[in-house]
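> Mind looking over this structure? Questions follow.
The values are calculated or read from the model by the stated rules, or taken from the named source; none is laboratory data. All values reported here derive from a predicted model rather than from experimental measurement. Backbone-built Cβ (ideal geometry, glycine too); neighbour counts: all protein chains shown. SASA here: full protein model, heavy atoms, side chains in, ligands and nucleic acids out. Shrake-Rupley method; radii C 1.70, N 1.55, O 1.52, S 1.80 Å.
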Amino acid sequence: MPSICIVGAQWGDEGKGKVVDLLAENAAVVARFQGGNNAGHTIVRGDEVFKFHLIPSGILYPGATCVIGNGVVIDPSVLIGEIDGLKERGVDVGNLRVSANAHVIMPYHLMLDHAGEAKLGKLEIGTTKRGIGPCYADKSARLGIRIQDLLDEKILKQKIMAALEPKKLMLRPFERDPALDLQAMTEQYLLYGHRLEQHIADTASLLHRALDDEQLVIFEGAQAALLDIDHGTYPFVTSSNPVAGAACVGSGVGPRDITEVWGVAKAYATRVGAGPFPTELNDDLGDEIRRRGGEFGTTTGRPRRTGWIDLVALRYASRINGMTSLVITKLDVLDGFETLKLCTGYRTAEGAEVDAFPYHQTILHHVTPIYTELPGWNMDITGMRTAEELPEALRDYLRFIEEAVGVPVGLLGVGPARDQIVWTGERSPLLPQPA
């Protein structure tokens, strides 16, 4: 039952979309299993740039069925906008399937998200204000609206009424907003259901058939391990589980259905929003990395915080995901730096040195990084396509990462384009081997 799960190994924005796009050419199914339109994957195809928020990156391949799984929360207006945008660019979306069990972001979820962040003030989490958290909260409270409900007017209206009842006080500032009118909301979401009906399916059964037929399935994660609601830097996290184990829950397959787990990490580190970031660079060097890497959010446009690669956090992410391989992206951003720093430990506020990711949030907020310095490579690597071409300093950098994390590096990104990659070892046996 061949499958590869692609997950973020840092705080997101590592280039997972490019990796999925690379593998999707050989895949029967590409399945997104969590998150919502708070995610953003950018794909560069020649002169064209595609930005996805809900639709899996594999949509550019007519031979791959693209699944939005039950673990995803969906803003129908955003999804329909993506579908229409792709159609206008000549992309066939007939291979898109949406789980009938996926939950729906409603207008009141966006209002609650905005109000919640405003109320927190300086303590805000830094959400994208897309209604993701409130939608997941309703799901857990069993007050959620599911995609299948958009096909039944009576059930939809009843569920909206039930969901609004406990929110009356919180929604009082928005009570005059026409978007909260019950009849108008019901009619609007029934229209969404009509638009999406041809894509709604039993996606778990679809995945089971592909796995039983030993076809390649790619599970596409959004966000990343350190933003996981259980295992990340809580409360500065997303509202879902971006780790590999959630691919099972969010798509309807079993643990034994996942063959390999690839963790994607940048050659440096970035973070969007609030929360601890031990290796953050609040200086000209951090600005230079941001400029070189184009570090601005695909979804929000916010400038990303930048810093050196954190091997303590990466080792932790590897463990909680059960990674079988690392993908290191954006190595070209570090071209020309005289020296490079890699965080190999933390020093606590009390002066103790630790090499394990702290479980206690207070400790993590006050650590300072312990660095190892390695020589940089003073050359342009964007045209390199084989491991033999890579400068020795870059190979040393990768070996250091492998030894520190305990996971082999299988693939490198040396530029934004699809072909700007280097396989550093043997390809996965699940993928066709080069002639």
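> With a cut-off of 8 Å between alpha carbons and a minimum separation of six or more residues, what is the relative contact order of the range 292-432 in percent?
Working: 215 pairs, mean separation 38.6, N = 141.
Relative CO of the range 292-432 lands at 27 percent.
> Between the range 47-79 and the range 287-330, how many Å separate their Cα centres?
22
> Structure shown: which of Lys18/Lys159; Lys18/Lys341; Lys129/Lys266; Lys16/Lys87; Lys16/Lys154; Lys51/Lys159 lie over 30 Å apart, alpha-carbon to alpha-carbon?
Lys18/Lys159; Lys16/Lys154; Lys51/Lys159
> Next question, about the same structure. Return the long-range amide H neighbours of Cys66 (sequence gap of 5 or more, or a different chain), with a cut-off of under 5 Å between placed amide H atoms.
Distant-sequence amide H within range of Cys66: Val30, Leu96, Arg97.
> Here is a follow-up. Just one of (1) 66, 55, 39; (2) 83, 49, 44; (3) 73, 56, 43 is Cα extents along the principal axes in Å as worked out from the coordinates here. Which one is it?
Computing Cα extents along the principal axes in Å and matching it to (1) 66, 55, 39; (2) 83, 49, 44; (3) 73, 56, 43 gives (1).
> Using the crude model of +1 on Lys and Arg Cβ and -1 on Asp and Glu Cβ, and no other charge, please compute the dipole size for the chain relative to its Cα centre, in debye to 20. Write down the numbers at each step before the final one.
Numbers: 43 positive and 56 negative charges, 245 e Å.
The calculation lands at about 1180 debye.
> Identify, among Met170, Gly94, Val67, the residue whose Cα sits farthest towards the positive end of the charge dipole of the range 67-221, taking +1 on the Cβ of Lys and Arg and -1 on the Cβ of Asp and Glu, with the dipole about the Cα centre.
The residue sitting farthest along the positive end of the dipole is Met170.
> Return the single residue from Met323, Met170, Met106 with maximal mean-square fluctuation; model: Gaussian network over the chain, springs between Cα atoms under 10 Å.
Met170
> Something else about it: At most 10 other Cβ atoms within 10 Å and a DSSP loop assignment: could you name the GluC sites (Glu not before Pro) in the range 304-382 that fit? Walk me through the numbers before you get to the answer.
Numbers: sites: Glu338, Glu350, Glu353, Glu373; in loops: Glu338, Glu350.
Of the GluC sites (Glu not before Pro), the ones in loops of the range 304-382 whose Cβ has at most 10 other Cβ atoms within 10 Å are Glu338, Glu350.
> Which whole-Hz couplings ³J(HN,Hα) result when phi for each residue of the range 386-394 is put into the Karplus expression 6.51 cos²θ - 1.76 cosθ + 1.60, θ = phi - 60°, listed in order with x for Gly and Pro?
So the Karplus estimates, Gly and Pro as x, are 10, 4, 5, 6, 5, x, 4, 4, 5 Hz.
> Of all DSSP beta bridges in the range 1-133, what percent run antiparallel (nearest 5)? Intermediate values should be presented prior to the final figure.
Working: 5 of 15 bridges.
In the range 1-133, DSSP labels about 35 percent of beta bridges as antiparallel.
> What share of the DSSP beta bridges in the chain is antiparallel, in percent to the nearest 5?
On the way: 24 of 59 bridges.
Among the beta bridges of the chain, antiparallel pairing accounts for roughly 40 percent.
> Could you state how much accessible area His231 has, in square angstrom rounded to the nearest 10, with a 1.4 Å probe and all protein chains kept in place?
Estimated to the nearest 10 Å², His231 gives 80 Å².
> Which value, in debye to the nearest 20, describes the size of the charge dipole of the range 131-202 about its Cα centre when Lys and Arg Cβ atoms bear +1, Asp and Glu Cβ atoms bear -1, and nothing else is charged?
Around 280 debye, computed over the range 131-202.
> Using amide H atoms built 1.01 Å from N in the peptide plane, name the residues 5+ places from Gly40, or on other chains, whose amide H lies under 5 Å from its own.
Gln223
> For the chain, modelled as a Gaussian network with Cα springs under 10 Å, which listed residue fluctuates most, Ile68, Ile421, Ile83?
Ile83
> Rank Asp355, Asp310, Asp284 by mean-square fluctuation in a GNM of the chain with C-alpha springs under 10 angstrom and give only the top-ranked residue.
Maximum fluctuation in the GNM of the chain, among the listed residues, is at Asp284.
> Apply the Karplus parameterisation 6.51 cos²θ - 1.76 cosθ + 1.60, with θ equal to phi minus 60°, to every residue of the range 202-213 and state each ³J(HN,Hα) to the nearest whole Hz, in sequence, with x for glycine and proline.
Computed from phi, the couplings for the range 202-213 are 7, 6, 4, 5, 4, 5, 4, 5, 4, 5, 5, 7 Hz.
> Any idea what the relative contact order of the chain is, in percent, if you count C-alpha pairs under 8 Å spaced at least 6 apart? Working shown, then result.
Values: 963 pairs, mean separation 86.4, N = 435.
After rounding, I find 20 percent.
> Along the range 373-382, what does the Karplus equation 6.51 cos²θ - 1.76 cosθ + 1.60 (θ = phi - 60°) give for ³J(HN,Hα), rounded to whole Hz, x for Gly and Pro?
For the range 373-382, the Karplus curve yields 9, 10, x, x, 10, 9, 7, 8, 9, 5 Hz.
> Using the heavy atoms of the protein chains and a 1.4 angstrom probe, tell me the accessible area per residue for the chain in square angstrom. Show your work: numbers first, answer last.
Details: 18540 Å² over 435 residues.
Result: 43 Å² per residue.
> Which trypsin sites (Lys or Arg not before Pro) does the range 133-229 hold that lie in a coil by DSSP with at most 11 other beta carbons within 10 Å? Don't skip to the answer; put the middle values down first.
Working: sites: Lys139, Arg142, Arg146, Lys154, Lys157, Lys159, Lys167, Lys168, Arg176, Arg195, Arg209; in loops: Arg142, Lys168, Arg176.
Those satisfying the criteria are Arg142, Lys168, Arg176.
> Could I ask something else about it? Taking Cα pairs under 8 Å and at least six residues apart, what relative contact order does the range 1-122 come out at, in percent? Write out the running numbers ahead of the final one.
On the way: 184 pairs, mean separation 26.8, N = 122.
Dividing the mean separation by the residue count of the range 1-122 yields 22 percent.
> Moving on. Which three numbers, in whole Å and largest first, are the semi-axes of the equivalent ellipsoid of the range 1-118 derived from its Cα gyration tensor as √(5λ)? Show your work: numbers first, answer last.
Details: eigenvalues 113, 54, 47 Å².
Equivalent-ellipsoid dimensions as semi-axes: 24, 16, 15 Å.
> Continuing with the same structure: Scan around Val409 for amide H atoms under 5 Å from its own, H built in the peptide plane at 1.01 Å from N, and keep only partners 5 or more places away or cross-chain.
For Val409, the qualifying residues are Leu326.
> Sticking with this one: Can you send over the carbon and sulfur percentage of the accessible area for the chain, probe radius 1.4 Å, protein chains only?
Numbers: 9570 of 18540 Å².
Here it works out to 52 percent.
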